Amino acid sequence: MIRSERGHGAKATERIAFGLLALATFLVVAPVIYIVVFILVNGSGSISWEFLTQAPRHRGLEGGIFPAIVGTFYLMIGTLLFALPVGVFSAIYLTEYARRNWLTRLINLSIVNLAGVPSIVFGLFGLGLFVLAMRSGSSLLAASLTLACQALAMIITTSREALMAVPRSYREGSLALGATKWQTVLHVVLPQAMPGIITGTVLATSRAIGETAPILAVGAAFLLPSLPSSPLDQFMALPYHLYIVATQVPGMPERTMWGTALVLLVVVLSFNTMAMVVRWRFRQRRV
Amino acid sequence: MPRAIYEKHLKSLHEDVLQLGDMVEKAINHSIEALKKRDLAMAKQIVEEDVNINNKRFDIEQRCIQLIATQQPMAKDLRAIIAILHIIVDLERMGDYAEGISRINILMGDEPLLKPLIDIPRMAQKAVEMLDRSLQAFIKEDVEEARRIPKEDDEVDALWNQVYRELIFFMIQDPRTISRATYLMWVAHNLERIADRATNICERVVFTATGKMEEIGASRY
Amino acid sequence: MVIFSGEIERIPAVPAPEKIKLRTSGVNLFYGTFQALRNISIEIPAQAITAIIGPSGCGKTSFLRLFNRMNDLIHNARVEGSVELDDMPIYDQNTDVVELRKRVGMVFQKPNPFPMSVFDNVAFGPRRHGKDNRKELEEIVERSLHRAALLDEVKDKIHESALSLSGGQQQRLCIARVLAVDPEVILMDEPCSALDPVATLKIEDLMRALSENYTIVIVTHNMQQAARVSDMAAFLMMADDKTGELVEYGPTNRVFTNPKDPRTESYITGRFG
């Protein structure tokens, strides 16, 4: 009897645990769905050919957000251009070459902490270093470098994890065949780690280009007469534009704000989707 | 081929067993020939050369042990090695019989033979033939032949019987021949034992092939 | 009338090879303060199979990795004494490790083909060493697969993933990959421990065939395998203060039938370890 009662109790506990876990998951998923649906419903009304292809007029009250889309796109490319090689190379150095001593441990710790630095600090850092000290002015270049710095921490961390996940036996197999360390990294380790590295890099970049605070300090403009023609020009960007239209312009129709938010969301999400596709393609090719 | 090394070693052991058999056959034939001719030098040589037969046997035995230790033979492979271990003991002992015949020859000194040898060479011929065929049966794993050979031991036994009676007759007729007749009796007895050992080999052939111990055609002596 | 006495000289079934390929003298190996090998002096004959046996943790693998300097990969590993390939000192400052590893190939415990095609796996070594002529590579791949007794089985899937092969085939592919570099010595670190008995016997037969042209050193904790496959056997000891000590070394036939050291005897008869 006692036993069956206990069994009964265990079953009840099991049910409660299951319920709690499901509830927690639901609490996570629900707001995401709510936000996406809400923005979709409110923003889709303002999406039009004109909205996507025209420059804003009358302080954004009329016209579209085309320069901001292009600016964000440029920013993305610029960030990738700086962050990807530096991030991957330092990850390779740290995992494959660096000796394990207190210095490398300190560096690892710093990198992990770098990811936790508030984005406005990055903005001010970019302003101080790139805009003022290096005299690049408020520009696409300065903003790309700033965002790259912010993305670096995550890129290095995820790349290192991807590199370390490559089995030791592959490295040993390659070295034992008389391959050099660099050949081993290039032909055995990197191809294996690539999906992980790409996913991490793209996610880090897409998160960085969604940021407002850093670019606020280093070069984003609200209204520009033309698209940037060189990296040293000022630029518009979606998050900053959204911030301005939502808070700084009196009488802005709500649907413009929601429309801008929707476009930003779509850009970021499609970038993430791209990462998943690339990752999947790599998996396919990789045997 | 799977287990190529084991097969290779087994084959080379088979060849060595045949070689040992050859040495033994030669020793038997020569011992009878030396007796016929009363060639003491030849008899001495046979006695001296017996050590080669013994060495060969120990060499094969050593290699069987190594093969068991290193190749871990199982089932029929194992029985084949065990059979070799038995067969070489039989062969070595046959060599000892040939040596024994030669020693008898030497013991007889310059005394002439009691009578011309007729049945004893026939016994030797038959015994050597049985030995030769049993070894062939072993190499070829020919169970039928192995079952046939021991039945022919009756021929050797019949010859032995005949020689025995003939020599007894000599001894009754003239007691002065007793010592010389006894020598020949030992010779004939040794030949009879050789044929018996050949049937032992046949039993090993059957055991290797079937895994069953059978006593085939037990000798009356 | 049965007269026999006297000792018999043992005639070895495998004649003792003359040339020494690998030689260590007084080798000590440390990982930090832990000593993994103790004063090992050994001469490994060319074109023969030498098996290293001993209980787990006795330093067999460390010993094997001396010869292609794979211990270098381990942080704070330190080697004392001399290790020579032919007459080239392996632990000399001027020794080119890459060159050494071309001459001394290695097959690992778990088959570790790269996640590439069969072809690319075998061509990996030659490509790294500067061969990029397609035709030449094709010849090397075919020859290596043939020597590794794998060609017939993979002829139709040379451009398929190596990971689609069975465990035994993968291990023979790893052997083919080593052969493609044309080494002189092949080190094998428990090459059959992840394989079934049939695949194991195939690898053993392959090893015998390869030993006609290559010097093979195999580490195994499968004593029967060491007995079956090797010409020479070395027994490494494991004990509190004796870990990594070479207890006995000699022809396999002798070591497995008549070991000189009682510790070898009790190990190979399964009485300890």
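The values are calculated or read from the model by the stated rules, or taken from the named source; none is laboratory data. A quick note: this is a predicted structure, and the numbers were derived from the prediction, not measured. Because the Cβ atoms are built from the backbone with ideal geometry, glycine has one as well, and the counts that use them run over all protein chains shown. The protein model used for the area step is the full one, side chains on, heavy atoms only, and it has no ligands, DNA or RNA in it. Shrake-Rupley method; radii C 1.70, N 1.55, O 1.52, S 1.80 Å.
Please compute the average number of Cβ atoms from other chains found within 10 Å of each residue's Cβ in peptide A:187-198.
1
Considering the options A:Met257, A:Ile209, A:Thr184, tell which one lies farthest towards the positive end of the dipole of region A:49-285, charges being +1 on Lys and Arg and -1 on Asp and Glu at the Cβ, about the Cα centre.
Ranked along the dipole, the leading option is A:Thr184.
Report, in degrees rounded to the nearest 10, the 0 to 90 angle that the Cα long axis of helix B:119-140 makes with the longest principal axis of chain B.
0 degrees
Could you tell me the center-to-center distance, by alpha carbons, between region A:11-59 and region B:165-218 in angstrom?
A separation of 106 Å, based on Cα centres.
Cβ under 15 Å from A:Gln150's Cβ, A:Gln150 left aside: what net charge do those residues give with Lys, Arg +1 and Asp, Glu -1?
Around A:Gln150, the surrounding residues sum to 0.
I'd like the residues of region C:175-194 whose 1.4 Å-probe accessible area shrinks by no less than 20 Å² going from the isolated chain to the full set of protein chains.
C:Arg177
Just tell me how shielded A:252-262 is by partners: mean number of partner chain Cβ atoms within 10 Å of each residue's Cβ, no decimals.
Per-residue shielding by partner chains comes out at 0.
Less than 16 Å apart at the alpha-carbon level, and either on another chain or at least 8 residues along: which lysines does that give for B:Lys126?
Within reach: B:Lys26, B:Lys151.
What is the log10 of I(q)/I(0) for the protein assembly as shown, computed with the Debye formula using one identical point scatterer on each Cα and no solvent, at q = 0.05, 0.06 Å⁻¹?
Evaluating at q = 0.05, 0.06 Å⁻¹ gives log10 I(q)/I(0) of -0.51, -0.64.
What accessible area per residue comes out for region A:49-285, rounded to a whole number of Å², with a 1.4 Å probe?
Value for region A:49-285: 48 Å² per residue.
Normalised by the empirical 2.2 N^0.38 Å for globular proteins, what value does the Cα Rg of region A:182-287 take?
Taking N as the residue count of region A:182-287, the ratio is 1.44.
Take every DSSP beta bridge whose two residues both sit in the protein assembly as shown, then give the antiparallel share in percent to the nearest 5.
If I count the DSSP bridges inside the protein assembly as shown, around 60 percent turn out antiparallel.
Which semi-axes, in whole Å and largest first, does the equivalent ellipsoid of chain C have when worked out from the alpha carbon gyration tensor as the square roots of 5 times its eigenvalues?
Output for chain C: semi-axes of 33, 24, 18 Å.
Hey, what number do you get for chain C at 222 nm if only DSSP H runs of n ≥ 4 count, each worth -39500 (n - 2.57), divided across all residues, to the nearest 500?
Only helices count here, giving -9000 deg cm²/dmol.
In percent, how large is the relative contact order of chain A, given Cα pairs closer than 8 Å and 6 or more residues apart?
Value for chain A: 26 percent.
When the scattering of region A:49-285 is computed by the Debye formula from its Cα atoms alone, each counted once and equally, what is log10 I(q)/I(0) at q = 0.11 Å⁻¹?
Each listed q maps to, in turn, -0.63.
If the reach is capped at under 20 angstrom between alpha carbons, list the aspartates and glutamates near B:Lys56, excluding any in the same chain fewer than eight residues apart.
Within the straight-line cut-off, B:Lys56 pairs with B:Glu15, B:Asp16, B:Asp22, B:Glu25, B:Glu48, B:Asp90, B:Glu92, B:Asp96, B:Glu99, B:Asp132, C:Glu7, C:Glu9.
Please report the equivalent ellipsoid semi-axes of region B:4-210, computed as sqrt(5 x eigenvalue) of the Cα gyration tensor, largest first, in whole Å.
Semi-axes, largest first: 36, 19, 11 Å.
What does the helix-only formula give at 222 nm for chain A: each DSSP H stretch with n ≥ 4 adding -39500 (n - 2.57), the total divided by the residues, and the result rounded to the nearest 500 deg cm²/dmol?
-23500 deg cm²/dmol
Under 18 Å Cα-Cα from B:Lys115, which lysines qualify once same-chain neighbours fewer than 8 residues away are excluded?
Counting by Cα, and skipping residues close in sequence, B:Lys115 has these lysines nearby: B:Lys36, B:Lys37.
What's the average, rounded to a whole number, of partner chain beta-carbon atoms within 10 Å of each residue's beta-carbon in B:57-65?
Across the residues of B:57-65, the mean count of other-chain Cβ atoms within 10 Å is 4.
With the full set of protein chains in place, find how many percent of the accessible area of the protein assembly as shown is carbon and sulfur; take the probe as 1.4 Å.
Of all accessible area on the protein assembly as shown, carbon and sulfur atoms account for 58 percent.
Which of the pairs B:Lys76/C:Lys155; A:Lys181/C:Lys110; B:Lys8/C:Lys202 have their Cα atoms more than 26 Å apart in this structure?
Over 26 Å apart, Cα to Cα: B:Lys76/C:Lys155.
If each Cα of region B:73-170 is one equal point scatterer, what is log10 of I(q)/I(0) from the Debye formula at q = 0.11 Å⁻¹?
Log-scaled intensity ratios, in q order: -0.47.
Let me see the P(r) profile for region C:128-273: every Cα-Cα distance counted, bins of 10 Å, each bin given as a percent of all pairs.
10, 35, 29, 16, 9, 1
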